[in-house]
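Asker: I'd like to ask some things about the structure below.
The values are calculated or read from the model by the stated rules, or taken from the named source; none is laboratory data. Just so it is clear, the structure is predicted and the values come from calculations on it, not from any experiment. For neighbour counting, all protein chains shown are included, and Cβ atoms are generated from backbone atoms with ideal geometry for every residue, glycine included. Side chains included, ligands, DNA and RNA excluded: accessible areas come from the protein's heavy atoms. Shrake-Rupley method; radii C 1.70, N 1.55, O 1.52, S 1.80 Å.
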There are 4 protein chains.
Amino acid sequence: MSNTFGTLFKLTSFGESHGKAYGGVIDGCPAGLKVDFDFVFSELNRRKPGKSLSASARREDDEVEFISGIFEGVTLGTPIAFLIRNKDAKPDEYDSLKNIFRPSHADYTYMAKYGIRDHRGGGRSSARETVVRVVAGALAKMILKLQGIHIIAFVSQIGDICIPDNIVIADESLVNQSTLYCPDKETGARMEALLTALKEKGDSTGGVINCVIRNVPAGVGEPVFGKLQSALAHAMLSINAAKGFEYGLGFKMASMMGSEVNDEFVSDKSGGRIKTKTNFSGGIQGGISNGEEIFFRVAFKPVPTIMKEQSTIDTEGNSVILKPGGRHDVCVVPRAIPVVEAMAALVLVDQILLSSVGRLKQ
Amino acid sequence: MSNTFGTLFKLTSFGESHGKAYGGVIDGCPAGLKVDFDFVFSELNRRKPGKSLSASARREDDEVEFISGIFEGVTLGTPIAFLIRNKDAKPDEYDSLKNIFRPSHADYTYMAKYGIRDHRGGGRSSARETVVRVVAGALAKMILKLQGIHIIAFVSQIGDICIPDNIVIADESLVNQSTLYCPDKETGARMEALLTALKEKGDSTGGVINCVIRNVPAGVGEPVFGKLQSALAHAMLSINAAKGFEYGLGFKMASMMGSEVNDEFVSDKSGGRIKTKTNFSGGIQGGISNGEEIFFRVAFKPVPTIMKEQSTIDTEGNSVILKPGGRHDVCVVPRAIPVVEAMAALVLVDQILLSSVGRLKQ
Amino acid sequence: MSNTFGTLFKLTSFGESHGKAYGGVIDGCPAGLKVDFDFVFSELNRRKPGKSLSASARREDDEVEFISGIFEGVTLGTPIAFLIRNKDAKPDEYDSLKNIFRPSHADYTYMAKYGIRDHRGGGRSSARETVVRVVAGALAKMILKLQGIHIIAFVSQIGDICIPDNIVIADESLVNQSTLYCPDKETGARMEALLTALKEKGDSTGGVINCVIRNVPAGVGEPVFGKLQSALAHAMLSINAAKGFEYGLGFKMASMMGSEVNDEFVSDKSGGRIKTKTNFSGGIQGGISNGEEIFFRVAFKPVPTIMKEQSTIDTEGNSVILKPGGRHDVCVVPRAIPVVEAMAALVLVDQILLSSVGRLKQ
Amino acid sequence: MSNTFGTLFKLTSFGESHGKAYGGVIDGCPAGLKVDFDFVFSELNRRKPGKSLSASARREDDEVEFISGIFEGVTLGTPIAFLIRNKDAKPDEYDSLKNIFRPSHADYTYMAKYGIRDHRGGGRSSARETVVRVVAGALAKMILKLQGIHIIAFVSQIGDICIPDNIVIADESLVNQSTLYCPDKETGARMEALLTALKEKGDSTGGVINCVIRNVPAGVGEPVFGKLQSALAHAMLSINAAKGFEYGLGFKMASMMGSEVNDEFVSDKSGGRIKTKTNFSGGIQGGISNGEEIFFRVAFKPVPTIMKEQSTIDTEGNSVILKPGGRHDVCVVPRAIPVVEAMAALVLVDQILLSSVGRLKQ
């Protein structure tokens, strides 16, 4: 349950931050897919730290070793296992944290749940686990690509700096030119300035990622408990530090009127398909895609590790002062871009496979 | 998948709006629970239309018949099936909509997915399906009650009218005195006025529901893909018209600093348990409850049925004008209160059962 | 889990022997299937008691009410719920058994597991639950029929009377002419004589059912833990009183040599497909169908209710003598014929759906 | 699905015979288990080839590397991943088989299902995959041991040589003294003689494994589709070359009378628990354990690889003669002993965890 995602295209994830390796097993990847290994590596590169001030200093090659399920470069239909060794692990650095519950980290909750924890770098709760999702997401994207489906995520907010409202859907090249994955150059510059200032203060901040999925055909998604937005929300909230999810106009819709936000259907006689005049719904109605662009937003909190003294307690319940030290991400949001895309890709492939069995073949 | 919710405490839902009945099967309800049937009925009453201007005119007794799994008032551990007959169904009223795709309804997406649909009142996509969840949620609440866990949802926003910010956690009696489940009397009055005005205009609006869960012990929730917030987000986004979910400070956290929102741990020596000084996290860290109050918010869009003419197309792709008619909810948000609570209860019971097997018994 | 069967075509079963009703929910039935209600009723008729001496005297109409998921005779893709009311239930007849653990029944084990049980007619453990499977199996058979797949089960053994070895695969018309579903007339007569003798003695006996599945294409079944034979064995052992399962030559193969039982491949140039010269494997290799006939056998124990005094204990642990009384099946095996077929149909439809997503569409 | 086994204690298996490695991920292993690594290795040793004439010549160290989920020798509650590298893989040896469908192997069915296959040593269909199950089973056995539950499997038949009927339940020490895991010395000697003779002939044979599970408390197993025997049958039929499963008296019960095989309950006043006088049922009634010994039998076919020429076809449909060559197991049954035990252990741990949530805690 807990470490497996998906129904037909299933990723099982494993590994701890300073254990031997992270890895995953993809069960249900259709046979016959030619694997683009370069693409896997380029996706991992996008997630790597160090592109910008926002990121911490841990550097890893994130070299992935595929163990099974691929034969002469093509998927066999059998489980695809892969490993990413933890080369840069420095577990001893964490000895001082062994008996401390860091504020807003998962140290205490893991201990409360399991009665034991791997204290080194957060163990299983570390965001480094998302490297596994990026690898699996890369394979999912290859399948989506065959159907013309494309996912693009971008940073729309860091701290209190937001992109202008009129940039609803990003130009992908602008996104990729930015180390912060922000499609608006001027806003990106202000975000960098904010991060520099926070770095100096030893503080951290959060942000928001927008994601757009193009060319999903109408009819993908399952009613009731398997709604496409439910699966997306589940996926996004499983990313470390995510605090909120909305799709279409999201929370804004709460204050609007039906007459304002209803999406009228129109016939696209030339294209031979049904369209909507507006897309306030975000491409999903009743849990099922309607053929329009799917878009959603994910909010992230500031990373809890900061370069300031904090008051907390140890495992004995004694008050202690947590001294700053170790790695420090001012803002994880840009690094979460490929993770958001990967999780969206996993959801989409799974739902497309599920949808393919929903009606009798003629 | 699609119509079953939960892993160990599983609800399977069935029924269409104007079919014979709605119903559900709960598989995994522990044996030995004394069923409080009055409570089931009182929960159904909370969901009924007609308490306020916000609601549509369809009236049903929502009489639930328990079919199996309960013997002499006590659960057997076998599946609990129940039926709610559709007494007030008037399927013929919908004949005029048979070939029309209503804007922002699921008419078109169901047709795209299945190649067939029950056009009467939205069929399976109708929000009336949530009656099933309320029944199952009532049983879940009975189990939670044995452990002292209590869930309370309330309306924090309707249209652009919000409760004051300082009412973070509501006084339950104030909530229940309000037909709109709004804990602030003055705000509630303004909301009623807004609804009256919208009723006259034939328009609709959305809103936001806040939910608080009290007394969840630390250690509930599963890491990585089974995070408690993931399960809650999944559950909430599966409710009709829901467009967003956030927990703790949610989207606000995106613009804040780590030093502002980190929750320091303190020892509650008297209570013998670990607490946090603040609870910006919303009671969950790393996907696992930390013993503080869990709180989250759910945004709802305006109901798409409005008493205004709308332009749309028919199943042949021809442009048509959709005339107003039929039932009309100005705002579904108050009626979604017991649904939000029910889904939260289903998530909690399931996660508590899952958590009970996470570590070796000593 | 426990009360749901299948992965994509899922049956959830509910009901107790002397509760209000039995019923089921099929989630995942593809949309667009024209439901042959007459066929459902004819399948239920095959399961009814009273055709032969082998059966007990309880008579029910087994009238099935479809609640949802079917619109104008066609499946919607939404869950198909159905009910079979217990009209002939006489729960008071069982008062004397309230505190008795009947030998080789599930009275004690249900009590050990749940701490409570419905003692009336075995409650949830009654074989009457299989009526639910027959209804769902009828729908599954309709889907299989569209693909030319046909399932036929027959009685090969009752007590120590077996059909001759050379009747490996039955002529269906001979099967259906026999009240005992035995394809060999002379053997059937001897079986009837045995049952008459046992009836007089108040005793019961077991038997074996053979099942053949025709026209399954090559490539159905999942490797490793999802092998087709695993799913079939799981399904068959879930039928009340089943004690064993074998496929192909089964247990006989243990004593044979590879050179005797290997199935050589031959090219069916005219048919354009690959065949095997012999089919000792029973149509499955490595968990996946090879296009040959699938065949398997299921062993059933004698029904434990007999018309003889038996020594046992009550719920307090006191020794008691269980007096004969109530209904009595001399042999359930003929009535299990449609159940075996139904479970085979559920497995096949599920596996065919799963197999349809196993490789990339070209 | 296909490559994951279990509901709460879940093993995901991966790897191909001549790929880089086999491995597995156990999700749901309770936290706090002290891992006995020596026991893991001793279990792997039991599965190794080369102890007897029955086994093929491939030798591997079966060195297992644990990747995650264990910290300082204790399970964390997080997924336990492990790898067994294929050191002895000689993939080139299989070049001649690239285009041949070997009789009674899975070459053709994998190709029919996936359109691609790893032809080297059977790829994913190789019995070497069971090494993964033995590792996971070893962990499961550690958990069972804490509860006093013990599993012992032994060889009861090889070819047409069976142990005497009166050896229903084996003396474990006798089993382990025998290279063939046969508890009867004289029978074991005759089995060895048979295997020697078959080796000379280049032929193979099958056999039967009996398995006994001791000290399972009453109340384990799930009704209806989750019956303990269903789970065991599913597990056993997923083992390579398994053709049949029976529990209790199994197929023999088909020819017996109720009065002969009903298990009377008796009070074990001293032991304070309910017992049955006989145990023809095999420790399970209505799908739930009754506290008696659970026993079952699994039939295996002869391995299809033989040292004789066989007629078959190639991937183009041309007739070819398959020349003998490569490794050759005369009989895999003894090597399947630890696999049967491992699968039984996986089933038991899973069912015990499931059963622990079946009733309200008092």
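Asker: Output the residues belonging to region D:286-303 that are part of a loop (DSSP other than H, G, I, E, B), farther than 17 Å from C:ILE100 by Cα and modelled with pLDDT of 95 or more.
Answerer: Scanning region D:286-303 gives D:GLY287, D:GLY291, D:GLU292, D:GLU293, D:LYS301, D:PRO302.
Asker: For region B:99-123, give me each residue that is part of a helix (DSSP H, G or I), facing chain A (nearest Cβ under 10 Å), under 21 Å from A:ASN262 (Cβ atoms) and touching a strand residue (DSSP E or B) at 6+ places or on another chain (Cβ under 9 Å).
Answerer: B:ASP107, B:TYR108, B:THR109, B:TYR110, B:MET111, B:ALA112, B:LYS113, B:GLY123
Asker: Return the total of residues in region D:212-251 being out of contact with any Ser or Thr (no Cβ under 7 Å at 6 or more places or on another chain) and either of a type in the set (A, V, I, L, M) or open to solvent by less than 20 Å² (accessible area, probe 1.4 Å) (or both).
Answerer: 17
Asker: Can you tell me which of (1) more than 30 Å from D:GLU260 (Cβ to Cβ); (2) open to solvent by 10 Å² or more (accessible area, probe 1.4 Å); (3) under 25 Å from the mean Cα position of the chain (by Cα) is the one C:LEU83 doesn't meet?
Answerer: Just one mismatch for C:LEU83, condition (2).
Asker: Applying the selection to region B:69-117, what residues are without any contact (Cβ under 8 Å) to a residue 24 or more places away in the chain, among the small types (Gly, Ala, Ser) and under 30 Å from B:ALA140 (Cα atoms)?
Answerer: Within region B:69-117, B:ALA106 is the sole residue that qualifies.
Asker: Restricting the first residue to region D:349-362 and requiring it to be more than 8 Å from chain B (Cβ to nearest Cβ), which pairs with a second residue that is of a type in the set (Phe, Trp, Tyr) and surrounded by 21 or more Cβ atoms within 10 Å (Cβ to Cβ) meet a Cβ separation below 6 Å and a spacing of at least six or different chains?
Answerer: Hits for this filter: D:VAL349/D:PHE9; D:ASP350/D:PHE9.
Asker: Now, a different point. Please find, among D:SER267, D:SER259, the residue that is crowded, with 16+ Cβ neighbours inside 10 Å and more than 30 Å from C:MET191 (Cα to Cα). Give the steps one after another, and end with the answer.
Answerer: Details: D:SER259 fails: more than 30 Å from C:MET191 (Cα to Cα).
Matching residue, one of D:SER267, D:SER259: D:SER267.
Asker: So, one more: Taking region D:1-38 on its own, how many of its residues are aromatic (Phe, Trp, Tyr) and more than 18 Å from the chain's Cα centre (by Cα)? Spell out how you get there, then give the answer.
Answerer: We begin by selecting, within region D:1-38, every residue aromatic (Phe, Trp, Tyr); these are D:5, D:9, D:14, D:22, D:37.
Pick out the ones that are also more than 18 Å from the chain's Cα centre (by Cα) and you get D:37.
Selection size over region D:1-38: 1.
Asker: Could you grab me the full set of residues in region D:1-40 that are at the interface with another protein chain (Cβ under 7 Å from one of its Cβ atoms) and over 27 Å from C:GLY358 (Cβ atoms)? Working first, answer last.
Answerer: Initially, region D:1-40 is screened for residues at the interface with another protein chain (Cβ under 7 Å from one of its Cβ atoms), giving D:1-5, D:7-8, D:12-16, D:19-21, D:23, D:25, D:27, D:30-33.
Passing the criteria: D:PRO30, D:ALA31, D:GLY32, D:LEU33.
Asker: Let me ask something additional. Can you confirm whether B:ARG335 is open to solvent by 20 Å² or more (accessible area, probe 1.4 Å) and either closer than 30 Å to B:GLU192 by Cβ or of a type in the set (Asp, Glu) (or both)?
Answerer: Details: open to solvent by 20 Å² or more (accessible area, probe 1.4 Å): yes; either closer than 30 Å to B:GLU192 by Cβ or of a type in the set (Asp, Glu) (or both): yes.
So B:ARG335 fits the description; yes.
Asker: Looking at region C:123-159 only, could you name the residues that are open to solvent by less than 10 Å² (accessible area, probe 1.4 Å) and touching a His at 6+ places or on another chain (Cβ under 9 Å)?
Answerer: C:GLY123, C:LEU144
Asker: Now for a different question. Restricting attention to strands (runs of 3 or more DSSP E) lying wholly within region A:172-285, give those where 3 or more residues are free of Cβ contacts under 8 Å to residues at least 60 places away in the same chain.
Answerer: Correct list: A:242-247, A:265-268, A:273-276.
Asker: Then there's this: What are the pairs with Cβ atoms under 6 angstrom where one residue, in region A:300-322, is at negative phi and within 9 Å of another protein chain (Cβ to nearest Cβ) and the other, located anywhere, is of a type in the set (Val, Ile, Thr) and in a loop (DSSP other than H, G, I, E, B)? Sequence gap at least six, or different chains.
Answerer: These pairs meet every condition: A:VAL303/A:VAL332.
Asker: Are any residues in region C:271-314 within 30 Å of C:SER125 (Cβ to Cβ) and open to solvent by 50 Å² or more (accessible area, probe 1.4 Å), and if so, which ones?
Answerer: Initially, region C:271-314 is screened for residues within 30 Å of C:SER125 (Cβ to Cβ), giving C:294-314.
Within region C:271-314, C:ARG297, C:MET307, C:LYS308, C:GLU309 qualify.
Asker: Would you be able to say whether some residue in region A:186-196 is within 28 Å of A:ARG273 (Cα to Cα) and modelled with pLDDT of 95 or more? Break it down into steps so the answer makes sense when it comes.
Answerer: From region A:186-196, those within 28 Å of A:ARG273 (Cα to Cα) are none; that's our starting set.
No, region A:186-196 has no match at all.
Asker: Condition first: among the acidic types (Asp, Glu) and farther than 25 Å from A:ALA242 by Cβ. Can you find one or more residues in region B:294-309 that meet it?
Answerer: Going through region B:294-309, the residues among the acidic types (Asp, Glu) turn out to be B:309.
Still in the running and farther than 25 Å from A:ALA242 by Cβ: B:309.
Yes - at least one qualifying residue is present in region B:294-309.
Asker: Give region D:10-39 a look and list any residue that's assigned to a loop (DSSP other than H, G, I, E, B) and among the charged types (D, E, K, R), or say none. Outline the logic, then answer.
Answerer: Of the residues in region D:10-39, the ones assigned to a loop (DSSP other than H, G, I, E, B) are D:16-20, D:28-30, D:32-33, D:35-36.
Of everything in region D:10-39, those that are assigned to a loop (DSSP other than H, G, I, E, B) and among the charged types (D, E, K, R) turn out to be D:GLU16, D:LYS20, D:ASP36.
Asker: Continuing with this model, one more query. Give D:ALA153, D:ALA136 a once-over and let me know the one that is small (Gly, Ala, Ser) and farther than 21 Å from A:SER68 by Cβ. Give the steps one after another, and end with the answer.
Answerer: On the way: D:ALA136 fails: farther than 21 Å from A:SER68 by Cβ.
Only one candidate qualifies: D:ALA153.
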